[in-house]
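Below: one structure, written as structure tokens.
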Amino acid sequence: MAFIDAHHHLWRYTRKDYAWIGDHMPGLRHDFLIPELTAVTQAAGVTGTVVVQARQTVAETEWLLDLAAHHSILKGVVGWVPLVDAGVAKDLTRYGANPKLKGVRHVLHDEPDDAYMLRADFNRGIAILKQHKLTYDILIFERHLQHAIEFVDRHPGQVFVVDHVAKPRIKENILTPWQERMRELAKRPHVYCKVSGMVTEADWTTWTPEKLKPYFETVLGAFGPRRLMFGSDWPVATLATTYQRWVNTVKSWISPLSESERGRILAGTAIEAYRLQI
């Protein structure tokens, strides 16, 4: 059975290139490359992955595409291009011609302006994506959800994927208003959601599957198995979990579902949303 990890990263670590990896994350301050990825994915039975940008440069996008061309485990790349630039159409034509580029992402939750995604220049860039059949990964915190609903409504023909269930306040054990806003966002059929990044929004040392389960049940009820996909957020997730523990957690949550529903979450949804060749 196919098993797709729809969200992980790779990097050659330098303090300058990955300044977002703070002093409280010493475990991330080294290289995470194909050998390390292969070790954890093979042990967990993962058959393919989608690697996602971790810094906002086209150089990283090119590097990830080169890795994908040489390593079959990488079924797709979600890269970065300067969506607000007037010349982004040329970048999308250039990189979009690569069959391994499946989507793009911008680190919206780090922008000082919470409404950055509503900027006219950003939306002009987003409007070009569907010409190249590229998804857009939405990386936000809970507080951005109202803007995200308006944002996706501007682009009904564009496929969107919400990363990390929109980063709710799990550590504080708060569901509202995240729950209501995720249910509203999920009414848009062109929006998918990744079951990923949850452990690092919880307490890194005391989280349990039971504490996280209400958040999973919310997105399962809102998006259904057809629009949910598994992601590890490795290696960032190693701040709070092992790869295998996260796999086991998600598999436990979905165990009551039918075989076809489990197959959607573990592979089929990612294959559809990113048009992966398996």
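Where a number appears in this text, it was derived from the coordinates with a stated rule and is not lab data. Just so it is clear, the model here is predicted, and its values are computed rather than measured. Positions of Cβ are backbone-derived with ideal geometry, glycine not excepted, and every protein chain shown enters the neighbour counts.
Give the aspartates and glutamates whose C-alpha is closer than 12 Å to that of residue 251, dropping any in the same chain fewer than 8 places away, or say none.
259, 261
Please go through the residue pairs 133/187; 75/133; 16/194; 100/167; 100/211 and name each one whose alpha carbons sit more than 25 Å apart in this structure.
From the list (133/187; 75/133; 16/194; 100/167; 100/211), the Cα-Cα distance tops 25 Å for 16/194; 100/167; 100/211.
If we count other beta carbons within 10 Å of each Cβ, what is the order of 232, 260, fewest first?
By the 10 Å Cβ count, ascending: 260, 232.
Taking the chain as a Gaussian network, where each spring joins two C-alpha atoms under 10 Å apart, which residue of 213, 194, 167 fluctuates the most?
It is 213.
Taking springs between alpha-carbon atoms closer than 10 angstrom, which of 13, 192, 243 fluctuates most in the Gaussian network model of the chain?
With Cα springs under 10 Å in the chain, the top fluctuation among 13, 192, 243 is at 13.
Take every DSSP beta bridge whose two residues both sit in the chain, then give the antiparallel share in percent to the nearest 5. Spell out each step's value before the answer.
Details: 1 of 25 bridges.
So the antiparallel bridges amount to about 5 percent of the total.
Which translational diffusion coefficient, to the nearest whole µm²/s, is obtained for the stretch 92-212 from the Stokes-Einstein equation, given a Kirkwood hydrodynamic radius over C-alpha pairs, 4 °C and 1.567 mPa s?
Values: Rh = 15.3 Å.
Value of D from the Cα-based Kirkwood radius: 85 µm²/s.
Can you sort 73, 140 from fewest to most other Cβ atoms within 10 Å of each residue's own Cβ?
In increasing order of surrounding Cβ atoms, one gets 73, 140.
Which residue, 151, 230, 160, has the most motion in a Gaussian network model of the chain that connects Cα atoms within less than 10 Å?
With Cα springs under 10 Å in the chain, the top fluctuation among 151, 230, 160 is at 151.
For residue 90, which aspartates and glutamates qualify as cross-link partners when the Cα separation must be under 16 Å and same-chain residues fewer than eight apart are set aside?
Once the sequence-local aspartates and glutamates are set aside, what remains near residue 90 is 62, 121.
Among 85, 163, what is the fewest-to-most ranking by other Cβ atoms within 10 Å?
Working: 85 13, 163 24.
Taking fewest neighbouring Cβ atoms as first place, the list is 85, 163.
For the stretch 198-208, in order, what is each residue's ³J(HN,Hα) by Karplus, 6.51 cos²θ - 1.76 cosθ + 1.60 with θ = phi - 60°, in whole Hz (x at glycine and Pro)?
Here the 3J(HN,Hα) series is 7, 5, 7, 8, 9, 5, 4, 9, 10, 4, 9 Hz.
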